[in-house]
Amino acid sequence: MTEYLDRMHNDRDVVSRTEAEESYQELNTLLRNVRNGGESIKEVVIRLYVSGRTKDEVDEKLNEIFVFLNAMDFKGTVYLNEQKFESQALTMSLTQQESVLQRIKKDIPSQTIAIGVPFHSVSLNDEHGVYFGESDTGGNILLDLFYKDSRRTSYDGVFVGAKGAGKSHALKKILLEEAIQGHRMRTIDSTGEFVKLVDVLGGKTISLDGTDGMINPLEVNAVAVREKVDDLGKNVQEIDEVTSFNQHKHKLSTFYGLMNPDAKAKDKQLFRIVIDQFYKDIGLWSANPDKQTNITNLNPEDYPTFSELLQYLRELVYEDQEFKNVRPNISEDRLKQYQSIELTLQDIISSNGAMFDGHTTIENFKQYSIINFSIRQLNAMGDEVKKAQLFNVMNLLFDEMVYFGSPQFQAYNRRELKLEDAVRYRLIFDEAHNLISASETDAPVVEKCEKFIREDRKYFAGFIFASQDIKDFIPEDSQEQNVAKVKTLFSQTTYRFIMRQDTSNVEKLGNVFSQELSDSELSVIPQLGTGEVILNIAGVNNVKFKIDISEEENDLFGGGA
């Protein structure tokens with residue numbers, strides 16, 4: 001201070017006198033704080049500990065740090081021959097360190113150190129994030145699952161959590177927070193857990209067992225769009241009728257395979273051919289592109305039913321339906337395929353006609369912001385029926401996603417809509433293994449969901465699928481190509497919420513989320529408590545935190561004892 005005081009009065013350079021005065025005032029303030037305000041000066045040695053999976057990865061991180069330090073007028077170095085001491089310094093006081101190897105220390109006021117404490121923790125601070133909990137190092141988790149930057153480019157996620165781990169509460173918290181923000185929410189509920197929350201939020205629960213109406217699988221959904229230039233020279237989107245119809249035929253062949261798990265690839269192929277000819281013969285489609293009309297978004301009564309399809313098939317196969325006289329141009333092998341299709345259609349009509357055979361009568365739920373689809377009663381109807389109905393409603397939701405998302409996407413591209421003003425579309429599928437797994441039957445469904453996930457961000461939509469056990473998605477006897485499809489589906493998600501799993505699942509988690517979870521993170525998963533989760537954000541980082549559920553939220557969410 002004496003030196004700065006002398007320079008203030010005697011230095012000939014005006015700039016030097018000004019700088020000396022500023023430094024003097026700064027030190028004078030510090031002195032007063034030390035004497036009267038309880039401030040103290042701490043000696044510190046600043047170290048940055050850098051880790052990586054490989055030496056090259058560490059070197060790359062070091063280079064980034066040195067570039068940053070140089071830009072801030074700081075210098076850094078690596079003491080290659082003293083790494084053992086540097087690692088031991090983590091558990092040694094500064095006095096103990098001096099007795100082993102002295103370092104040049106930096107004097108820093110304790111208040112300055114204290115200000116830096118909040119940043120010495122793992123945290124997540126999305127711009128429009130809501131409070132989800134606290135990391136195990138004390139950092140706040142402010143998470144926005146619709147946040148977008150150069151690395152977080154989609155809004156999909158997967159949840160796995162054993163019984164009592166807090167998975168259901170976490171999903172309900174996402175539903176609550178995103179519903180409050182005005183997003184359009186859709187849930188598929190296996191046990192009825194979402195009913196109370198959806199009711200409180202002003203939503204509607206629809207049972208998929210047929211009691212609340214029918215969804216006609218033969219109704220063609222608008223699941224594809226294409227861009228064109230309008231009369232004003234602007235790029236606009238319109239429904240791609242051809243692609244939508246082609247996808248509809250593949251949807252029906254998958255539906256057929258779910259209702260008849262023994263169906264072979266050739267049977268599904270023939271079924272698609274029959275469907276194509278059926279729609280042409282009843283006038284809904286044309287082989288001539290110039291005569292094709294809109295086949296999507298028609299009135300429910302304009303679409304055929306399975307009874308009409310069965311009648312058409314019989315007319316196609318038999319000259320005399322009463323006596324079952326087969327047309328002479330049909331070979332014996334082809335007849336067996338036709339009869340297999342006929343038997344499946346008969347079973348759909350006779351056993352599950354209340355769900356599938358008829359025009360769509362389910363209430364138009366597009367007017368509701370929050371809809372919960374309950375499959376609780378559907379669980380008692382057998383896997384084939386359950387999977388087919390779930391696949392049916394999933395396609396309906398894909399259509400709805402395009403319906404709401406396409407106009408917003410066009411407005412966003414024309415810069416008429418800001419990203420933060422878009423109404424998001426969220427689909428939460430609890431117990432998703434009911435439809436999505438590495439089993440042979442579910443393989444086409446997994447492919448369909450992967451396609452949905454690849455495209456949903458264009459429609460401001462995100463898909464979250466959850467289950468209790470990672471093995472639910474990948475059963476032990478799964479074929480390798482089907483396991484690869486599930487892994488590909490998982491790889492398309494941005495958010496992977498890993499809650500407590502059994503020790504026997506750790507190896508499978510490591511295989512599924514290859515190189516995303518460290519060995520130490522995998523080892524701690526079986527010890528996670530209720531509400532504790534490791535969130536893997538693809539391509540970004542992993543965050544271990546405890547989801548904070550308030551007493552009011554707990555009362556609202558309910559759950560097991």
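Scan the stretch 308-318 and tell me whether some residue there is more than 32 Å from the chain's Cα centre (by Cα) and not in a helix (DSSP H, G or I). For the stretch 308-318, residues more than 32 Å from the chain's Cα centre (by Cα) and not in a helix (DSSP H, G or I): present.
The single residue among ILE549, ILE498, ILE537 that is within 30 Å of ALA422 (Cα to Cα), at pLDDT 90 or above and surrounded by 22 or more Cβ atoms within 10 Å (Cβ to Cβ) turns out to be ILE498. When you check GLY233 against the structure, is it on the phi > 0 side of the Ramachandran plot and crowded, with 19+ Cβ neighbours inside 10 Å, yes or no? Considered against the rule, which asks whether it is on the phi > 0 side of the Ramachandran plot and crowded, with 19+ Cβ neighbours inside 10 Å, GLY233 comes out as no. Of all residues in the stretch 401-426, those that are farther than 17 Å from TYR147 by Cα and hydroxyl-bearing (Ser, Thr, Tyr) total 2.
Can you tell me which residue among ALA538, ALA484 is touching an Asp or Glu at 6+ places or on another chain (Cβ under 8 Å) and hydrophobic (A, V, I, L, M, F, W, C)? When all the criteria are applied, what remains is ALA538. Screening GLU82 against (1) within 27 Å of VAL34 (Cβ to Cβ); (2) surrounded by 12 or more Cβ atoms within 10 Å (Cβ to Cβ) leaves a single unmet condition, (1). Reported count of residues in the stretch 348-372, each being part of a helix (DSSP H, G or I) and loosely packed, with under 15 Cβ neighbours inside 10 Å, is 4.
Comparison of ASP56, ASP11 shows that the only residue that is out of contact with any Phe, Trp or Tyr (no Cβ under 9 Å at 6 or more places or on another chain), more than 27 Å from MET92 (Cβ to Cβ) and surrounded by 12 or more Cβ atoms within 10 Å (Cβ to Cβ) is ASP11. Only a single item in (1) aliphatic (A, V, I, L, M); (2) part of a helix (DSSP H, G or I); (3) loosely packed, with under 10 Cβ neighbours inside 10 Å; (4) more than 40 Å from the chain's Cα centre (by Cα) is not met by VAL34, and it is number (3). Every condition in (1) charged (D, E, K, R); (2) modelled with pLDDT under 95; (3) under 29 Å from LYS196 (Cβ atoms) is met by ARG426 except one, and the failing one is (2).
The values are calculated or read from the model by the stated rules, or taken from the named source; none is laboratory data. Bear in mind the structure is a predicted one, so any value in this text is a computation, not a measurement. Glycine also receives a Cβ, built like all others from the backbone with ideal geometry; neighbour counts cover every protein chain displayed.
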